[in-house]
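Here the structure is laid out as structure tokens; the discussion comes afterwards.
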Amino acid sequence: MQDHIMDRRNAQPLISVVAPFYNEELVIDQFFRQVIAVLEATGSEWEIVCVDDGSRDRTLDQLLAAARANPAIKVLQLSRNFGKEAALTAGLEASGGDVVVLIDADLQDPPTLISQMLEKWREGFDVVYGVRQSRDQDSLAKRVTARGFYRVFNQLTPTPLPANAGDFRLMDRRVVDRVRQLPERTRFMKGLFAWVGFRSTAVAYDRPGRQAGQSGWSYWKLWNFALDGLTSFSTMPLRVWTYVGLTVSLLAFLYASFLVLRTLVAGVDLPGYASLMVVMLFLGGIQLISLGVIGEYLGRVFIEVKQRPVYLVDRVYQFPAGQSESRDGPA
Ligand code: UDP
Ligand code: MG
């Protein structure tokens, strides 16, 4: 272990930067300018793996233009929009660096932080993740729901998620390989990163607003993302129904005993429409909710057993210096 750490002190690792792009035509020039400046300053070899996640604007053209100008830029074109988690998975699999940095294309993750992350890596950390110091740019509603999500997630799952850490992080090759080995289709990346563990540390930063373009996240998408995360890492929502059922049964038994006794003592008492209705509706509701929860899990089991790939690559582009050909990538 010590040796491993000592090795890193002087090492000039190959750095892979992986960035997902979905309709980011407005920020691409700035993105490359800033990221390349930071990478050049490290003195290491580097590559940038750009994943075009089925953009419908001129993102791909612009990525290709950048790749033609620089042989260290590789472009993965997915066959359609698969979502950020799938795009990141694709990028990780295509990256070859000794360290891999995941970064958003919209410059909300400041590229200047990469050198700090690299320093921490040299100190011996395998994972260095960015933590948002402030969420000033986010709306109140987003901040409240985000805080609620982290709280619920950390209560329900044995895999603690660091609050306010996104996907912006540097990982050692060993960690990347372990993440790639995880076979699940539901790629809740933050959770997977937390699950694999390794020596991790945080670097704090202020998250600026988007440079340009629009966030692809609606509240409905975020809600489904949160459900994916919770159901991938906790079976608590399933198991809780055993206890709800036991509690309701116990109450029902007590009430039934009371009714039997009362009937024996005071005789039959027919009116009871209201209480019957209340009990019926209550139990009906509880049963439907628990069925719904089972459905959430069953649907996800269904998706997992189909074993469809997480993403499909249409083409991989990389232009050797001085040439401008493309080559077809693996599907
Ligand atoms: N992104 C993607 N596929 C999608 C949505 C987003 O690859 O379907 C990329 C997007 O181009 C950006 C990153 O994921 O680089 C973060 O997206 P966004 O800025 O929309 O999310 P936010 O910063 O609002 O969380
Ligand atoms: Mg963003």
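Under a Cβ-Cβ cut-off of 12 Å, what is the net charge of the residues other than residue 26 that fall near it, where Lys and Arg count +1 and Asp and Glu count -1? Walk me through the numbers on the way to the answer.
Numbers: positive: 58, 210; negative: 24, 25, 29, 57, 106.
Value of the local net charge: -3.
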* Asked: For segment 131-277, what are the per-bin percents of Cα-Cα distances with bins 5 Å wide, up to the bin holding the maximum?
  -> 1, 7, 12, 15, 14, 11, 8, 5, 5, 5, 5, 5, 3, 2, 1, 0
* Asked: What full-extension length gain, to one decimal in nm, is calculated for residue 139 and residue 123 as 0.36 nm per residue of separation minus the Cα-Cα distance?
  -> 2.1 nm
* Structure fact -> For 243, 205, ascending order of other Cβ atoms within 10 Å (fewest first) is 243, 205
* Structure fact -> Residue by residue through segment 260-277, the couplings from Karplus 6.51 cos²θ - 1.76 cosθ + 1.60 with θ = phi - 60°, in Hz, x for Gly and Pro, are 4, 4, 5, 5, 5, 7, 9, x, 6, 9, 5, x, x, 4, 4, 5, 4, 4
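Give me the mean projected area, in nm² to one decimal, of the convex hull enclosing the Cα positions of segment 79-181. Working shown, then result.
Details: hull surface 32.9 nm².
Its Cα hull, projected and averaged over all orientations, spans 8.2 nm².
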* From the phi of every residue in segment 11-22, what ³J(HN,Hα) in whole Hz does the Karplus formula 6.51 cos²θ - 1.76 cosθ + 1.60 yield, where θ is phi - 60° and glycine or proline is x? -> 5, 10, x, 6, 9, 9, 9, 10, 9, x, 10, 10
* Asked: Among bridges DSSP assigns within the chain, what percent are antiparallel (round to 5)?
  -> 40
* **For residue 131, distant residues with modelled amide H under 5 Å away** => 203, 204, 205
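Can you give me the Rg/Rh ratio for the chain, using Cα atoms for both radii and the Kirkwood formula for Rh? Write out the running numbers ahead of the final one.
On the way: Rg = 25.7 Å, Rh = 22.7 Å.
Radius of gyration over Kirkwood radius for the chain works out to 1.13.
With viscosity set to 0.890 mPa s at 25 °C, what whole-number translational diffusion coefficient in µm²/s follows for segment 218-331 from Stokes-Einstein and a Kirkwood radius over Cα pairs?
For these conditions, the coefficient is 123 µm²/s.
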* Across segment 54-69, in residue order, what do the Karplus-derived ³J(HN,Hα) couplings come to in whole Hz, using 6.51 cos²θ - 1.76 cosθ + 1.60 with θ = phi - 60° and x for Gly and Pro? -> x, 5, 9, 9, 8, 3, 4, 4, 5, 4, 5, 4, 5, 5, 5, 6
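Where does segment 61-128 land on the Kirkwood hydrodynamic radius, alpha-carbon pairs, in angstrom?
14.0 Å is the Kirkwood radius here.
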* To do: Using R₀ = 25 Å, calculate the FRET efficiency as 1/(1 + (r/R₀)^6) where r is the Cβ-Cβ separation of residue 116 and residue 221; round to 0.05.
  => 0.20
* log10 of Debye I(q)/I(0), alpha-carbon scatterers only, for segment 8-138 at 0.11, 0.12, 0.14 Å⁻¹ -> -0.37, -0.45, -0.61
* Structure fact -> Subtracting the Cα-Cα distance of residue 283 and residue 235 from 0.36 nm times their residue separation yields 15.0 nm
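Where a number appears in this text, it was derived from the coordinates with a stated rule and is not lab data. What you are looking at is a predicted structure, and each value in this text was computed from that prediction instead of being measured. Positions of Cβ are backbone-derived with ideal geometry, glycine not excepted, and every protein chain shown enters the neighbour counts.
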